[in-house]
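Here it is: the structure, laid out below.
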Amino acid sequence: MKVSILGATGYTGAELLRLLAGHPQAEVMHITSESQTGVPIAKVYPHLGGYYTQTLGSMQDLPAIAADSDVIFIGLPHGHAMAAGQTILNHGAKIIDLGADYRFKNTAVYEKWYKLEHVHKDAAAVYGLTELYREQIKGATIVANPGCYTTASILALTPLVKNELIDNSTIIVDAKSGVSGAGRGLSLTSHFSETTENFQAYGVAGHRHTPEIEQALSEAASSEVMINFTPHLVPMGRGILATCYARLKPGVSPEQVDAAFYSMYAQEYFIRLAGRGGYPATKNTRGSNFCDIGWHIDVRTGRVIVLSAIDNLVKGAAGQAVQNLNVMFGLDEKTGLTQAPLYP
């Protein structure tokens, strides 16, 4: 497969290049950066030296890039992918977008939360949470890679809503992310002296991943689901831990909860179930495409608490994109993604 990356100098782009360097069926053709056009990628990211000799190009060459590619990964800020998407499709390439532009079936929801007009309303994109939408991804021309918080949260909660085990109006997601989730751009909030020895919430009652989580859970539940979602920034480089709470319906047993998770995920290679009483940890997924899930039943309050850990740059972004690439092109889903997590 001939693959290209638009926006290769962000953390997600760099992680894509790291993973694709070990992919036996992918040949990286073109990589772009509007801020560092003409610079060798190994100069921007020295850890990629010896793997890539390419120089960063410009999106001004998009028609030629698309004509020379089977699939293009888009790692650009929201608003840019949908502008490029039609050109890419017209020149015969498929799209895996790691941003938000194609994630919503109802583009009005995108416009409300992202404050932008959607200019590719007829895109017919498929949501790229592989474990839940695998069959649709197989025939897709545009795959919308999920957000990192959303991946951890949706995988944690879907077995419960799908099997009607919880009161869907009581869902609370309390999630924590490493600083790389804020991107590579300079900002005060991700400055070392601001984040080290600090722990803070942000985007309370208004984070843009909220409607994305609600969309997937509503599909699983076959009814509208509304949640409380609160993200937090923690002083580590990468990783996400989502702690999800919901009230169990009367009469639901711990064994029913267990069965919901095992029946849905026991055969999924990239989901590792820690089981009832398990404690997933971000360090156990670091550098890997795994999602670790454990759950607890609080008999006293009647609630279930689900813990989900991922690497935000791998299963939450680049790894899931490669997983989707494999599905789209009929390869073994694990191709290029079997690296064990980094530890410690």
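I want to confirm something. Restricting to the stretch 45-78 and keeping residues that are under 24 Å from Glu111 (Cβ atoms) and touching a Gly at 6+ places or on another chain (Cβ under 8 Å), which single residue is surrounded by the most Cβ atoms within 10 Å (Cβ to Cβ)?
Gly75
Right, another one. Only one of these conditions is not met by Arg303: (1) loosely packed, with under 15 Cβ neighbours inside 10 Å; (2) under 23 Å from Lys162 (Cβ atoms); (3) not aromatic (Phe, Trp, Tyr). Which number is it?
(1)
Do we have Val322 as assigned to a helix (DSSP H, G or I) and touching a residue at least 12 places away in the same chain (Cβ under 8 Å) here? I'd like the intermediate steps shown before the answer.
Numbers: assigned to a helix (DSSP H, G or I): yes; touching a residue at least 12 places away in the same chain (Cβ under 8 Å): yes.
Yes, satisfied.
Check the stretch 129-137 and report whether any residue there is under 20 Å from the mean Cα position of the chain (by Cα) and among the acidic types (Asp, Glu). Don't jump to the end; show me each part of the working.
The initial filter retains those residues of the stretch 129-137 that are under 20 Å from the mean Cα position of the chain (by Cα), namely 129-137.
Still in the list and also among the acidic types (Asp, Glu): 131, 135.
Yes, the stretch 129-137 contains at least one residue that is under 20 Å from the mean Cα position of the chain (by Cα) and among the acidic types (Asp, Glu).
Exactly one of these conditions fails for Lys43: (1) part of a loop (DSSP other than H, G, I, E, B); (2) under 24 Å from Gly181 (Cα atoms). Give me its number.
(1)
Shifting gears a bit: Given (1) among the polar types (S, T, N, Q); (2) surrounded by fewer than 21 Cβ atoms within 10 Å (Cβ to Cβ); (3) touching a residue at least 24 places away in the same chain (Cβ under 8 Å); (4) in contact with a Leu (Cβ under 6 Å, 6 or more places away or on another chain), identify the lone condition not met by Thr12.
If we test Thr12 against (1) among the polar types (S, T, N, Q); (2) surrounded by fewer than 21 Cβ atoms within 10 Å (Cβ to Cβ); (3) touching a residue at least 24 places away in the same chain (Cβ under 8 Å); (4) in contact with a Leu (Cβ under 6 Å, 6 or more places away or on another chain), just (2) comes out false.
Okay, next question. Do you know which of the residues in the stretch 202-220 that are in contact with a Leu (Cβ under 9 Å, 6 or more places away or on another chain) and in contact (Cβ under 8 Å) with a residue 60 or more places away in the chain is surrounded by the most Cβ atoms within 10 Å (Cβ to Cβ)?
Going through the stretch 202-220, the residues in contact with a Leu (Cβ under 9 Å, 6 or more places away or on another chain) turn out to be 202, 213, 216-217, 219-220.
Next, only the ones that are in contact (Cβ under 8 Å) with a residue 60 or more places away in the chain stay: 213, 216-217, 220.
Numbers: Ile213: 27, Ala216: 24, Leu217: 25, Ala220: 20.
In this case the residue turns out to be Ile213.
Go through the stretch 139-195 and report how many residues are surrounded by fewer than 22 Cβ atoms within 10 Å (Cβ to Cβ), among the polar types (S, T, N, Q) and within 20 Å of Val322 (Cβ to Cβ).
So the answer is 1.
May I pose another question? Which count do you get for residues in the stretch 176-224 that are in a helix (DSSP H, G or I), modelled with pLDDT under 95 and of a type in the set (D, E, K, R)?
1
Same structure, new question: Would you mind stating whether Leu62 is of a type outside the set (Lys, Arg) and within 23 Å of Ala182 (Cβ to Cβ)?
Here the answer is no, as Leu62 does not meet what is asked.
Looking only at the stretch 258-272, which residues are touching a Phe, Trp or Tyr at 6+ places or on another chain (Cβ under 9 Å) and under 13 Å from Thr158 (Cβ atoms)?
Of everything in the stretch 258-272, those that are touching a Phe, Trp or Tyr at 6+ places or on another chain (Cβ under 9 Å) and under 13 Å from Thr158 (Cβ atoms) turn out to be Phe261, Ile271.
Name the residue that is surrounded by the fewest Cβ atoms within 10 Å (Cβ to Cβ), counting only residues in the stretch 90-118 that are touching a strand residue (DSSP E or B) at 6+ places or on another chain (Cβ under 7 Å) and aliphatic (A, V, I, L, M). Give the derivation first.
The first filter runs over the stretch 90-118 and keeps only residues touching a strand residue (DSSP E or B) at 6+ places or on another chain (Cβ under 7 Å), leaving 93-99, 102-103.
After this cut, where a residue has to be aliphatic (A, V, I, L, M) as well, the list is 93, 95-96, 98.
On the way: Ala93: 21, Ile95: 26, Ile96: 27, Leu98: 30.
Only one residue fits best here, namely Ala93.
Looking only at the stretch 168-200, how many residues end up being within 17 Å of His296 (Cβ to Cβ) and not polar (S, T, N, Q)?
We begin by selecting, within the stretch 168-200, every residue within 17 Å of His296 (Cβ to Cβ); these are 170-175.
Add one more test, that the residue is not polar (S, T, N, Q), and what stays is 171-175.
Within the stretch 168-200, residues that are within 17 Å of His296 (Cβ to Cβ) and not polar (S, T, N, Q) number 5.
The values are calculated or read from the model by the stated rules, or taken from the named source; none is laboratory data. Given the structure is predicted, the values throughout are model-derived calculations rather than measurements. So basically every Cβ, Gly included, is an ideal-geometry build from the backbone, and we count neighbours across all protein chains shown.
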